[in-house]
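Derivation of every value follows stated rules applied to the coordinates shown; laboratory data play no part. Please read these numbers as outputs of a predicted model, since none were measured by experiment. Please note: Cβ atoms are built from the backbone with ideal geometry, for glycine as well, and neighbour counts cover all protein chains shown.
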Amino acid sequence: MLQRVDKVAYELKLPTELSSDHPVFHVSMLKKVIGDPKSIHPIEGLCVDENLSFEAISVESLDILVKKLRYKETTFVKVLWKNNLFEGATWEAVGFMRSCYPHFIANEV
């Protein structure tokens, strides 16, 4: 944080990759963070677009889970994503994975 601009606005020091963004933010946009060096990922290896987004690429399925509701069963797969640590693996519905990553599901599940 560089300086307090107003009662509810702060100017932040942004990395050089974000130099084109406006550095002043409203307090509602900020959150106190105690840094954990293990959770910091370098932006160079993430293939981040100019609009600060990147495509999530699935690497492998770690587990399969079937949740039973009253009249329906839903299958979930635990997916390890590229550019994430093992702790970043997420549970995704198989239907979602088939629609977004058909090559992954066909080979893994």
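Which value, in debye to the nearest 20, gives the size of the charge dipole of the range 3-43 about its Cα centre, when Lys and Arg are +1 and Asp and Glu are -1 at the Cβ?
220 debye
Mind checking which lysines have their Cα closer than 24 Å to the Cα of LYS7? Skip sequence neighbours fewer than 8 apart in that chain.
Partners within reach: LYS31, LYS32.
In sequence order, what are the phi-derived ³J(HN,Hα) couplings for the range 90-103 according to the Karplus relation 6.51 cos²θ - 1.76 cosθ + 1.60 with θ = phi - 60°, rounded to whole Hz, with x for glycine and proline?
Ordered by residue, 3J(HN,Hα) equals 10, 8, 10, 5, 4, x, 5, 5, 5, 6, 8, 9, x, 5 Hz.
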